[in-house]
Each structure stands twice: as C-alpha cells, then as structure tokens.
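S.K.: This is the structure I have questions about; it appears just below.
The values are calculated or read from the model by the stated rules, or taken from the named source; none is laboratory data. Note that the coordinates shown come from a computational prediction; the quantities given were computed from them, not determined experimentally. Cβ placement follows ideal geometry from the backbone for every residue including glycine, while neighbour counts extend to all protein chains displayed. These area figures cover heavy atoms from the full protein model, side chains too; ligands, DNA and RNA do not enter into them. Shrake-Rupley method; radii C 1.70, N 1.55, O 1.52, S 1.80 Å.
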Amino acid sequence: MTKKISKGQKSAKKGIHGGTSLAARPLVGIIMGSSSDWETMEHAVTTFKELGVPYETRVVSAHRTPDLLFEYASNAEKRGIEVIIAGAGGAAHLPGMTASKTVLPVLGVPVESKAWKGLDSLLSIAQMPGGIPVGTLAIGKAGAINAALLAAAILGSKYPHIREALRKFRTAQTERVLANPDPSIAAFPQKKRPRKPQKKRKPA
Ligand code: RP5
C-alpha cells in the first residue's frame, strides 16, 4: 500500500528537490555573528544555490544576542535543521557555543578579522576542548564554500539528489581545470593553444 502524503509534505519534498529557496524546508542553518560576516558567508549560500540545498540564514551573536543563540541552537533539530554552519570572527565563540547546545554537526567558518587576519577566529573555532567538536574550515571565502560542500556531503548520505548534485559539481570543476591547462593563454590572447601532436604517416 502506498502511503498518503499530505499537501505540506509534498511541497516540502518538492522544495527540497527543486530547492534553492527559503520556501523549502531548510536542511542547513547558516548563522553568523554579525551582518558584517555576510560578505564571507554569502559564498556558502552561493554554493548551496548551485547544489540545490535548502538553507536559512540568520545573524545570531554569541555575545550580543546570547539568548537567541541558545534558542536557535536548542531548537534547530526540532525544526528539521540537519547541519549548522556558523561563521564568526575575532574571539569567535559562536560555533563552539552553538555546538554545546545541539548534537547536530556544526561546521565553523573563521571570518577574516582586521587585527589578526582571521588567525584569531581560526584558533578560537578550531581549538575546542575534547567533548564538543566543531568541524573547522579555512579562513574566509574558501572556508565558507567548503563548509557548504561538506554540509552537502553529510546530507548526501540521506538525500541521494544532494549527493548527485555534489558529484556533478566536482565533475564540472575538474572539467573546467582540464579545459584551461595554460593560464598564459588568457593573459596573452594572441598566443595560440598548442596543437595536438600529429601522428607520423608511414611513407607510402
Ligand atoms: C564577531 O565579531 C562577528 O562574527 C564578526 O566577525 C566580528 C565583528 O563584528 P562587527 O563589530 O562587525 O559587528 O562577533
């Protein structure tokens, strides 16, 4: 017997599969300590849009809005969030504090700070004492992109369409690199691409 699916379930399912917008039930919560972190964290959003992973974004500050942080982290699982990405800079306690209030995987993105170029953020996020892990990515844009890709890899074991989207992303990335083997061609457009070596003809 086939199970009946309610209207709400149907649209959520459709949203997840089509899924780049907030209309779909978000599977990933992207939080950041300040709106000034958006410049970095938007790269996680761009990556999710490409992969079709439904997400939500919020400013949740560990020191300016600590009650909101507790509420967000405590309720994320109940709301259907499956992975949290937390970006913060400086004395970046947001990812660690979030991880302390949930058993969901928390991925931390160290935002580049003015004073220490993000090294302070990196150490604050990575150096969690044993017991409360935060998966820490690279400082800045690369970290935000990789946090999204890692979140997609985690979700991929449950959602095959996300795994396939990730596979496609990787294939396209490889093909882009192989299609442009010589960066000097873009720098000096008059330079011709090397010809494929011709096979020697045997004398008749
Ligand atoms: C942290 O302090 C934020 O994550 C941000 O990276 C940093 C600076 O915040 P703003 O002073 O720009 O709001 O909490």
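S.K.: Across region 48-68, which residue is most open to solvent (accessible area, probe 1.4 Å) among those that are assigned to a helix (DSSP H, G or I), in contact (Cβ under 8 Å) with a residue 60 or more places away in the chain and not aromatic (Phe, Trp, Tyr)?
M.R.: Among those residues, the one meeting the criterion is Glu50.
S.K.: Among the numbered conditions (1) more than 19 Å from Leu51 (Cβ to Cβ); (2) buried (at least 18 other Cβ atoms within 10 Å of the Cβ), tell me where Ala115 comes up short.
M.R.: All conditions are met except number (2).
S.K.: Determine if region 173-193 includes at least one residue that is closer than 22 Å to Val59 by Cα, hydrophobic (A, V, I, L, M, F, W, C), within 24 Å of the chain's Cα centre (by Cα) and outside any strand (DSSP E or B).
M.R.: From region 173-193, those closer than 22 Å to Val59 by Cα are none; that's our starting set.
No, that holds for no residue.
S.K.: Which ones in region 52-75 are away from the ligand (no atom under 16 Å from the Cβ) and hydroxyl-bearing (Ser, Thr, Tyr)?
M.R.: Tyr55, Ser74
S.K.: Please specify each residue of region 76-86 satisfying the condition of being free of Cβ contacts under 8 Å to residues at least 60 places away in the same chain, on the phi < 0 side of the Ramachandran plot and either open to solvent by less than 50 Å² (accessible area, probe 1.4 Å) or within 10 Å of the ligand (Cβ to nearest atom) (or both).
M.R.: Scanning region 76-86 gives Ala76, Ile81, Ile84, Ala86.
S.K.: Next up: Within region 90-125, can you find the residues that are within 12 Å of the ligand (Cβ to nearest atom) and on the phi > 0 side of the Ramachandran plot?
M.R.: If the condition is that a residue be within 12 Å of the ligand (Cβ to nearest atom) and on the phi > 0 side of the Ramachandran plot, then Gly90, Gly118 are the ones that fit.
S.K.: Which residues, taken from region 132-152, are open to solvent by 40 Å² or more (accessible area, probe 1.4 Å) and either basic (Lys, Arg) or touching a helix residue (DSSP H, G or I) at 6+ places or on another chain (Cβ under 9 Å) (or both)?
M.R.: Ile132, Pro133, Thr136, Ala138, Ile139, Lys141, Ala142, Ile145, Asn146 - these are the residues of region 132-152 that are open to solvent by 40 Å² or more (accessible area, probe 1.4 Å) and either basic (Lys, Arg) or touching a helix residue (DSSP H, G or I) at 6+ places or on another chain (Cβ under 9 Å) (or both).
S.K.: Another question about this same structure. Mind checking which pairs have a first residue in region 96-123 that is in contact (Cβ under 8 Å) with a residue 40 or more places away in the chain and in a helix (DSSP H, G or I) and a second that is within 10 Å of the ligand (Cβ to nearest atom) and of a type in the set (A, V, I, L, M), Cβ under 6 Å, 6 or more apart or different chains?
M.R.: Thr98/Ala86
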